[in-house]
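Report on one structure; see the data block that follows.
The values are calculated or read from the model by the stated rules, or taken from the named source; none is laboratory data. Predicted, not measured: the structure shown is a model, and the values here were computed from it. Reconstructed Cβ throughout: ideal geometry from the backbone, glycine too, with neighbour counts over all protein chains shown. Just the protein is used for accessible areas: all its heavy atoms, side chains included, with ligands, DNA and RNA removed. Shrake-Rupley method; radii C 1.70, N 1.55, O 1.52, S 1.80 Å.
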Amino acid sequence: EVQLVESGGGLVQPGGSLTLSCSASGFTFSNYVMSWVRQAPGKGLEWVAAINSRSGTTSYVDFVKGRFTISRNSAKDTVYLQMNSLKSEDTAVYYCNAFSAATVRDYWGQGTQVTVSS
């Protein structure tokens, strides 16, 4: 069964840091682009960052550049999102997504809540 399991969310103060993990199973990790997508209260889905699991090439939305870092450990089929200098605007449910252009198919995790508040 395909599974994407996020962990690492929680409550953090503004300016603080948090690292999210996404553990993948049930598919060939190296064939997918892995992304983090978030949904803030009252807002739609917002793409945050992506990494090519095979090459390690990364992409970021402008408003997280310099603050967030996406990485992967291919030996563990795991993707990470290191978040620094967190702002209240970063409060959202963060979802892990796996996409294959070859099969035009994607998978989603259940999400993990990140709350940035004093």
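Report, to the nearest whole %, how much of the accessible area of the chain belongs to carbon and sulfur atoms, 1.4 Å probe, protein only.
On the way: 2920 of 6070 Å².
C and S fraction of accessible area: 48 percent.
In straight Cα distance, which lysines are under 26 Å from Lys43, not counting same-chain residues fewer than 8 positions off?
Here the lysines satisfying the reach criterion relative to Lys43 are Lys65, Lys87.
Quick check on packing: order 16-25, 40-49, 62-71, 90-99 by the mean number of other C-beta atoms within 10 Å, highest mean leading.
On the way: 16-25: 17.2, 40-49: 12.8, 62-71: 15.0, 90-99: 20.9.
Going from most to least packed, we get 90-99, 16-25, 62-71, 40-49.
If you stretched the chain out fully between Ser59 and Leu11, how much longer would it get, using 0.36 nm times the residue separation minus the C-alpha to C-alpha distance? Each step should come with its number before you reach the end.
Numbers: separation 48, 0.36 × 48 = 17.28 nm, distance 2.58 nm.
This chain segment gains 14.7 nm when fully extended.
Can you give me the relative contact order of the chain as a percent, contacts being Cα pairs under 8 Å and 6 or more apart? Intermediate values should be presented prior to the final figure.
Numbers: 290 pairs, mean separation 42.0, N = 118.
Answer for the chain is 36 percent.
Would you mind computing, in nm to one decimal, how far apart the modelled labels at Thr103 and Ser23 are, each placed 7 Å from Cα along Cα→Cβ?
Once both label points are built, they end up 2.1 nm from each other.
Keeping every protein chain present and rolling a 1.4 Å probe, give me the accessible area per residue for the chain in Å². Numbers along the way, then the final one.
Values: 6070 Å² over 118 residues.
Accessible area per residue: 51 Å².
May I ask for the net charge around Gln113, where only other residues with Cβ less than 13 Å from the Cβ of Gln113 are counted and Lys, Arg are +1 while Asp, Glu are -1? Can you show the working numbers first?
Working: positive: Arg38; negative: Glu6, Asp90.
So the surrounding residues net to -1.
Among rounded, prolate and oblate, which fits the chain when a ≥ b ≥ c are the square roots of the eigenvalues of its C-alpha gyration tensor, a/c under 1.5 means rounded, and a/b larger than b/c means prolate?
Working: a/c = 1.82, a/b = 1.70, b/c = 1.07.
Cα axes put the chain in the prolate bin.
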